[in-house]
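Written below as structure tokens is the structure these notes are about.
The values are calculated or read from the model by the stated rules, or taken from the named source; none is laboratory data. Given the structure is predicted, the values throughout are model-derived calculations rather than measurements. All Cβ positions, glycine included, derive from the backbone under ideal geometry; neighbour counts span all protein chains shown. In case anyone asks, the SASA skips ligands and DNA or RNA and just uses the protein heavy atoms, side chains included. Shrake-Rupley method; radii C 1.70, N 1.55, O 1.52, S 1.80 Å.
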There are 2 protein chains.
Amino acid sequence: MSFLSSSSAPFPRKRFVYVKPIQTGFPDDSDSRFVYRKFSEFFTYKPLPFSVFVSNSVLKASSPAANAVLRNGMAGGSLRTEAFGAEVVEKGGNIGGGIENVHWYEERKMRGSESNETELFPPSQIVCKTMYAWKEAVSPHLAAEREEAMVGDSEVLHMLKRCLGNGLIGASCNTEELEVMCVIETAGGVASPGPSGSLQCDLYRPFRLPAILVGDGRLGGISGTISAYESLKLRGYDVAAVIFEDHGLVNEVPLLSYFRNRVPVFVLPSIPTDMSDDLMSWFDKSQMIFTSLKEIMLSDFRKRMQRLHDMPKKACDIIWWPFTQHKLVPEEKVTVIDSRCGENFAVNKSCNWISQQFDACASWWTQGPDANLQAEISVQEFVLCINAHGYISFLLTLGGFGIALDSMTLGNDIYFIIRFSGDITKGWASRVYFSDNGSTAVEIALKMAFRKFLSDNKVLLDLVNADVNGRSMDLKVLALRGSYHGDTLGAMEAQAPSPYTGFLQQPWYRGRGHFLDPPTVSMSDDIWEVALPQKMQSGKSGLECLLIQGAGGMQMIDPLYQRILVRECKYRKIPVIFDEVFTGFWRLGREIFMQSAAEMLYCQPDIACFAKLMTGGIIPLAVTLASDAVFEAFTGDSKLKALLHGHSYSAHAMGCAAAVKSVKWFKDSNTNMNLISETRLLQELWDAALVSQISLLPAVHRVVALGTLCAIELLAEGSNAGYASMYASSLLKNLLEDGIYMRPLGNVIYMMCGPCTSPDICRSLLEKVYDRIQEFGLQKDESAVFAA
Amino acid sequence: MSFLSSSSAPFPRKRFVYVKPIQTGFPDDSDSRFVYRKFSEFFTYKPLPFSVFVSNSVLKASSPAANAVLRNGMAGGSLRTEAFGAEVVEKGGNIGGGIENVHWYEERKMRGSESNETELFPPSQIVCKTMYAWKEAVSPHLAAEREEAMVGDSEVLHMLKRCLGNGLIGASCNTEELEVMCVIETAGGVASPGPSGSLQCDLYRPFRLPAILVGDGRLGGISGTISAYESLKLRGYDVAAVIFEDHGLVNEVPLLSYFRNRVPVFVLPSIPTDMSDDLMSWFDKSQMIFTSLKEIMLSDFRKRMQRLHDMPKKACDIIWWPFTQHKLVPEEKVTVIDSRCGENFAVNKSCNWISQQFDACASWWTQGPDANLQAEISVQEFVLCINAHGYISFLLTLGGFGIALDSMTLGNDIYFIIRFSGDITKGWASRVYFSDNGSTAVEIALKMAFRKFLSDNKVLLDLVNADVNGRSMDLKVLALRGSYHGDTLGAMEAQAPSPYTGFLQQPWYRGRGHFLDPPTVSMSDDIWEVALPQKMQSGKSGLECLLIQGAGGMQMIDPLYQRILVRECKYRKIPVIFDEVFTGFWRLGREIFMQSAAEMLYCQPDIACFAKLMTGGIIPLAVTLASDAVFEAFTGDSKLKALLHGHSYSAHAMGCAAAVKSVKWFKDSNTNMNLISETRLLQELWDAALVSQISLLPAVHRVVALGTLCAIELLAEGSNAGYASMYASSLLKNLLEDGIYMRPLGNVIYMMCGPCTSPDICRSLLEKVYDRIQEFGLQKDESAVFAA
């Protein structure tokens, strides 16, 4: 179903177009005729104030169906010898494939209760059309075969497009004269075959019209309705509403429960067994429901069009496109893509009309699948993400300038991410740059920081410009020792030397930073302690330093230290990057950066990286958020000043869809029971008393329980300590038998749960861990005694 | 439905367990009783050679249903006052929530045609069970509510697990004594609510038992059957077969067309209207179908178990796990994960029993979603990939050694990729290393190449070992100028200096290579030409050089040059990397590396990178393939010798699923019409005559049409030439009006299509491009004249 034009005039002339593309059982059964007649009857029963011109036509039919009309006729109406409308080009007779032109046409003028003979304007219209009809009352593919009257998919689509287009004639884009509404009624279930055998949900997919799903109120109807909905969503349809007839089985209860937060559900009164009043009282009773349905359809349509319309501006405001000099990209150059179907984009053109464009530069970079493979992968896994959840994709056209502009896709709901960061950063971030994983997000963050630093220190920038090689200057990062930011070379360079950065692993690594030893915090024997590094000294933080902070293994860094560090960097105009790849999204509890104490930092970064949990464990995606000042350091007249970094799948649709859903889910106290709704903080997942008890166990050195993480360092000496130790292996083997899979970091064991994990599960994990560590300690004691 | 144990003994004793977890309309309707009775009747009608002990029991029911049995009884059978079997713990009366223990039990012994009184072994068994029954014949959630007899989901699962477990008693894992088959029949449609209101497809999901979908042969049944199947696949079920009753509508034709290559479809004969023989002749007629169905179920089950069983060895043979010293990983340490459900893994334990483990180290790294969010994202987008397509995931447990072992997931069907590379590389690659995009794949390839080089040049390795810093040695790559391998620092270092690598873009870039100017090939005025670089000289290729080859923009590099270069490198023990990120998977035609002429290279790389097209445009995923010799350079006794590079989503399930489907689709001449089946080469997509004509146009300088790519360089001079030129913009604007979206590289325009794009579409693109370039040339001429 589709609304192709709507008007805001106070008394607009209306046109309602009803199209039945495929009709079997014809002429005994004709839905377009039913609509034509019922409207006439209902109008007589309850006239509208204005006059309405009602018509019904049948364009093409199989020979048996056409003959049935020729021989027996239908009550009223007439066969016209001339073609009518623009749909029928070929005149008369068999037009190939066993399909004939029918030219059936009937019309009535219904006079409005408040109209008079001298109406100035033409009346409103109800235009009913059957495109193709077959005689036998079976599935269209079977009727087509048995009556030897085949129609190809492209013919159906072509004809349907013309019917819709003709429906719009007289309704210009900006006119307020005519309000047009088009409804297409398909035949049978959503996955019923069309005449060629293609499933109708696939056949009509190129239009991607919003759907009203007619559900089933009978026994078994719940399952059928839900599955039909899922078939539509799989193929990327927007379902505007579900409606079904009441059969006294309160099917709406489970359906409402399933469709809650998805789609509105409407229940029509039971169709009376006594049909003596031709359903007039039933229509009366149902009218409010139909009115609501119409309102929802119109409002959905307007929202969709508004979204497509607003998208270029929003994109230009928020997105940081790769390889793009934003100063050279006006809004008009942003192409909004509604969806992908086969090798085409569906793009939004003027007059709210979606049209197809062949993507000859593989902007869906790797392009590979034809429409059939998409029906295999995409239809089931892909289109869903692009379209189904209100997803709209972007593509930026940069006419004729510069190298390979990567196409970018972005879900409009990405504003959740922005909003998220807004929540926690009080608005510092204004731009989002997409990549594929934490390591690439950090590489991008470093490039941003370098530029920001140069831009803030004009003297240096001038030096760079003077020295074309620029190799005389050695920019370094200021980072915490023991931190980790990823395994690509740039991210490695920002880490302190370790066996993982050695020549054997990456001969190009040099370690381009000053690395600080921070104080750490943990609980030991039920007491929180700050451990100071041996030499508590700040690194040499000169002009050439940038800062990266990040989680250092399972160490919890002293928040006060971090706060002072950030403040000092800000003072010295050193850009601050928060690497939140691991820590982001409640990993360390609450709704904040870094750790549970970090709210006390009262500081904001210039750049921050997020990944991992952002897509809920489903799919790789990373973002680098940046402040406006960072973004501005890249604007200029030349494309070469833009940030030239991109990956093929940057901001790929599935990742964006997963991110939007995950973050929304984590943030909503209706879905995440661990959120305390007033404060929006994550409740404590690890029982404090149990954590204390574990910290008191003789075998335990220290415990850090924070957010979704609980790390326990076992007391160990000599070769039992450190990352290379196998000390904890027997303990973990026992825990595996308890059904807990854990991974050791030498003599440190840790458990992670999700932001939605129930505290009951965490408690049960802690209890098992407590028991096993106690047992482990006793065994170690025994073996010690035995050894002595 | 599930098979929990099977035997290969010649005459095994059999046990068939039929469980009906949820029964409404009881006792008038009882499916377990129906099975019990029909089997008895059929046995009487056609006895089996061996004796069978048949029983039927009803465990629990709502009060109205229990009372109906108490008051009216059921013919035969008896109420037992004692509990029987292990399922009923609580004895008698109301056991809470309005559910009562029923203790209904009936049994019969059917004597086999060839058995005698003194049988040595206990007879075979048919065990029928109804777990929960309600009286009213409505949806279970409604019956539960109306009869005030609620059962929670966990109770149902718990009871079902016990029923299945009891069914297995006496059938040990390796025994050949007893062959057990269990079938569970759900109530209503796949998405019908269970007693709690949860949809049954969600309720039973933790078991992930293989399903037989009972389809619908009536009018409308095609759509219902397909949608129900999609609901199951969405949730990650394996559907073993679809079966439905014939209603004379040949629903099997469209169903077979849809299910082709997916699931076998069986059609049962129509159930006779004359039921006087109690369906005996119908069962007779259907027996062969049921036998086939059973065979398919058994064979699927065995294949699934075999796959789970073989997985550890296959994984150890083929996968290159990140952060893993393979020498320290025996097969026994590989955990095979069948699926994920909520925060648990389902792992395959002994006796073919799948059990759940809490993933306390977030091995699905980012873990976030609870079961409900999975039902929102995963269920629809994620579980499908993990399980549905035969996907099995791996997890490697490395007990207690070394730092953070990343969990790895891998689809077993990844062997398609291996097989693919086998096809094209004649077996050079033996290992696959996963990452997220081309840039990270190249970083990994570089690390591999460095190590291989050091390992092949022991003198250098000793030098490195002597100098712990190792910074004295400067390893460089040998690469082609103009090539591009990605935007992370390591990949950038392997590219020649350009504006994109300047200090302003990445101050850390140094350009660590010798960069060669290769000769290129293109068509000009209908003649293929080789263009030699100004200084045709080979770079200084000393010991410190590694080689990277790759596509240089839209330049086609002379294959002879490449072949000689590779041969020289091989001779000097310089590892060769093929960067196939862009070129792989038919991008440049045929089934080969590099380009259409590359088969003539007769050479193989040591390492190759693939990404982009591998996942069919859906999702980021990259692989770095390596030869065994490269892999061996990383084995040793220390974890520190392993390749320590990883990303959280390495080998993520959705990416693997998409890759398997895409590559399979491209490779199969049934799905990719462009493949010439005998040769497995891709047919020419760009019409040669049209390409020639374009090359003859005065406005055209050169054309390269190859595989899925057609690049056209417009004749341009001065500022009109080069990447920064806007020369082509008016041309592209006109082509956009023709519905072709293209992207310029200065005065070069190019079109890409997919490996499955129809040559007709390509021809139509070429025709439009020809017309528009001709028009463009005339306009340029005119403006030139006008200017003159």
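Please go through the stretch B:598-680 and write out the trypsin sites (Lys or Arg not before Pro) that DSSP classes as loop and that have at most 14 other C-beta atoms within 10 Å. Present the calculation step by step, with values, prior to reporting the outcome.
On the way: sites: B:K612, B:K639, B:K641, B:K661, B:K664, B:K667, B:R680; in loops: B:R680.
The qualifying sites are B:R680.
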Where a Cα-Cα gap under 20 Å defines reach, which lysines qualify for B:K46, not counting those fewer than 8 residues away within the same chain?
B:K14, B:K38, B:K109, B:K285, B:K294
With a 1.4 Å probe and all protein chains kept in place, how much accessible area does A:T44 have, in Å² rounded to the nearest 10?
100 Å²
Once you put a point 7 Å from the Cα of B:S115 and another 7 Å from the Cα of B:D317, both along the Cβ direction, what distance in nm separates them?
4.5 nm
What figure, in Å² to the nearest 10, do you get for the accessible area of B:F53 with a 1.4 Å probe and non-protein molecules left out?
60 Å²
Among the chymotrypsin sites (Phe, Trp or Tyr not before Pro) in the stretch A:152-250, which ones are in a DSSP loop with at most 10 other Cβ atoms within 10 Å of the Cβ? Mind listing them?
none
Stretchable slack from B:M305 to B:S257, in nm (0.36 nm times residue separation minus alpha-carbon distance)
14.4 nm
Of the options A:A728, A:G707, A:V660, report the single residue whose Cα projects farthest towards the positive end of the charge dipole of the stretch A:640-756 (beta-carbon charges: Lys, Arg +1; Asp, Glu -1).
A:V660
Mind checking which lysines have their C-alpha under 22 Å from A:K664, skipping anything on the same chain fewer than 8 residues away?
A:K233, A:K303, A:K314, A:K426, A:K612
Order of exposure, largest accessible area first, which applies to B:I318, A:I773 with probe 1.4 Å
B:I318, A:I773
Give me the accessible area of B:K327, 1.4 Å probe, in Å² rounded to the nearest 10.
130 Å²
Starting from the Cα of A:K733, draw a straight line to each of the lysines and keep only those under 20 Å, dropping any in the same chain fewer than 8 residues away.
A:K768, A:K780, B:K333, B:K349
